[in-house]
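S.K.: Quick one: structure below, then a few questions.
No lab work stands behind these numbers, since they all come straight from the coordinates. It should be emphasised that the depicted structure is a prediction, and the values quoted were computed from it without experimental measurement. Reconstructed Cβ throughout: ideal geometry from the backbone, glycine too, with neighbour counts over all protein chains shown.
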Amino acid sequence: MKLYTFFRSGTSHRLRIALNLKGLRHEQEAVDLRSEQHLGAVYKAIHPQGLVPALALDASDGGGDARVLIQSPAIIEWLEERHPAPPLLPADPQQRAHVRALAAIVGCDIHPVNNRRILEALRHDFGADDAAVNRWCATWITAGFDAIEALLAADTRRGDFCFGDAPTLADVYLVPQVESARRFKVDMNRWPLISAVDAACNRLAAFRNAAPAAQPDAS
């Protein structure tokens, strides 16, 4: 498998974590968003949206054909179905819905309004400076993290992670968003449970090795 990635991309970060947790070896090819490499014809032939990540499968994983998977939620679902161990979702349907909801707070409500395309539009089309961009990001991160913190507090059977005693899809989504929150100067002291989950995750090599600073294209 080949992962097209950018070190600072939250969606790439979550997919790197999932691949590491599954123990799946993969080659990385960096796509430099800063130089707009993702908008060039070469990369758009791989991913028509010009976004990262994309996961190119070899014949053994692609059902006999070489294929490219796009959109991190779809790719992670494919990973869970194709490589079910260790699982990123609990077996019980209600518990699965809970874990998916935690992940969706990040994936549907925080990240989409804070991703690079939106922030570039704020800067170039609306004249937002760095302080305004940081305030924008903090608004949506705070709303989402307040909800996640409340859900974590309500789960009295929870271990060190978002759910149970092992990482799940919820942690895969949360940790990159915590990284992003710190980059946008959001004070994490407001959310001690989220901070504790982040610390527990980062004691695991699968998370540490997926971190932006650990990537070959980090600079």
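S.K.: Which order results if TYR4, TYR173 are arranged by neighbouring Cβ count within 10 Å, fewest first? Don't skip to the end; give the middle numbers.
M.R.: Working: TYR4 23, TYR173 31.
Result, fewest neighbours first: TYR4, TYR173.
S.K.: Then there's this: Note down the net charge around SER219, summing +1 for each Lys or Arg and -1 for each Asp or Glu among other residues with Cβ under 12 Å from its Cβ. Present the calculation step by step, with values, prior to reporting the outcome.
M.R.: Working: positive: ARG8, ARG34; negative: ASP32, ASP217.
So the surrounding residues net to 0.
S.K.: Using modelled amide H (1.01 Å from N, peptide plane; none on Pro or chain starts), what sits under 5 Å from the amide H of GLU29, excluding residues fewer than 5 places away?
M.R.: LEU3, TYR4, THR5
S.K.: Would you mind checking which residues have amide H under 5 Å from VAL68's amide H? H placed 1.01 Å from N; only 5 or more apart, or other chain.
M.R.: Distant-sequence amide H within range of VAL68: LEU57.
S.K.: Scan around PHE163 for amide H atoms under 5 Å from its own, H built in the peptide plane at 1.01 Å from N, and keep only partners 5 or more places away or cross-chain.
M.R.: For PHE163, whose amide H was placed from the backbone, the distant partners under 5 Å are THR168.
S.K.: How far is it, in nm, from the label point at ASN202 to the one at CYS108 when both lie 7 Å from their Cα along the line to the Cβ?
M.R.: Output for this residue pair reads 2.9 nm.
S.K.: May I pose another question? Each residue of the stretch 40-54 in turn: what ³J(HN,Hα) in whole Hz from Karplus with 6.51, -1.76, 1.60 and θ = phi - 60°, glycine and Pro shown as x?
M.R.: Working through the residues one at a time gives x, 5, 5, 6, 5, 5, 8, 10, x, 6, x, 10, 10, x, 9 Hz.
S.K.: Related question: Just the number, please: percent antiparallel of the DSSP beta bridges in the chain, rounded to the nearest 5.
M.R.: Working: 7 of 11 bridges.
Around 65 percent antiparallel, to the nearest 5.
S.K.: Moving on to the next point. Return the calculated 222 nm mean residue ellipticity for the chain, to the nearest 500 deg cm²/dmol, obtained by summing -39500 (n - 2.57) across DSSP H runs with n ≥ 4 and dividing by the residue count. Before the final figure, lay out each step's value.
M.R.: On the way: 10 runs with 108 residues, N = 219.
Calculated from helices alone, the mean residue ellipticity at 222 nm is -15000 deg cm²/dmol.
S.K.: Indicate the helices, whole DSSP H runs only, in the chain that combine a mean Kyte-Doolittle hydropathy of 0.5 or more with a Cα extent along their long axis of 24 angstrom or more.
M.R.: Those that pass (Cα extent of 24 Å or more, hydropathy at least 0.5) are 130-154.
S.K.: So, one more: In whole Hz, what ³J(HN,Hα) sequence does the stretch 206-211 give by Karplus (6.51, -1.76, 1.60; θ = phi - 60°), x for Gly and Pro?
M.R.: Values per residue, Gly and Pro as x: 4, 7, 4, 6, 8, 4 Hz.
S.K.: Of CYS108, CYS201, how do they rank once you tally other Cβ atoms within 10 Å and put the fewest first?
M.R.: Details: CYS108 14, CYS201 23.
By the 10 Å Cβ count, ascending: CYS108, CYS201.
S.K.: Assuming 0.36 nm per residue, please report the length gained on full extension of the stretch ALA132 to GLU36 beyond their Cα-Cα distance. Write down the numbers at each step before the final one.
M.R.: Numbers: separation 96, 0.36 × 96 = 34.56 nm, distance 2.31 nm.
Length difference between fully extended and current span is 32.2 nm.
S.K.: For the stretch 2-86, would you read off the P(r) tail past 23 Å as a percentage of all alpha carbon pairs? Can you show the working numbers first?
M.R.: Details: 607 of 3570 pairs.
Of all Cα-Cα pairs in the stretch 2-86, 17 percent lie more than 23 Å apart.
S.K.: What does the charge add up to near ALA74, with Lys and Arg as +1, Asp and Glu as -1, over the other residues with Cβ less than 15 Å from its Cβ? The partial results should precede the final answer.
M.R.: Details: positive: ARG14, ARG67, ARG82, ARG100; negative: ASP61, GLU77, GLU80, GLU81.
Net charge in that neighbourhood comes out at 0.
S.K.: Give the shape of the stretch 77-161 as rounded, prolate or oblate, defined through the alpha-carbon gyration tensor: a ≥ b ≥ c are the square roots of its eigenvalues, a/c under 1.5 means rounded, and otherwise the shape is prolate if a/b is larger than b/c and oblate if not.
M.R.: Details: a/c = 3.83, a/b = 1.85, b/c = 2.06.
Oblate, since a/c reaches 1.5 and b/c is not below a/b.
S.K.: If R0 is 25 Å, what FRET efficiency do you get for PHE184 and ASP58 from their C-beta distance, rounded to 0.05?
M.R.: So the FRET efficiency works out to roughly 0.10.
S.K.: Still on this structure, I have one more. What span do the alpha-carbon atoms of the stretch 93-207 cover on each of the three principal axes, reported in whole Å from largest to smallest?
M.R.: That works out to 47, 27, 25 Å along the principal axes.
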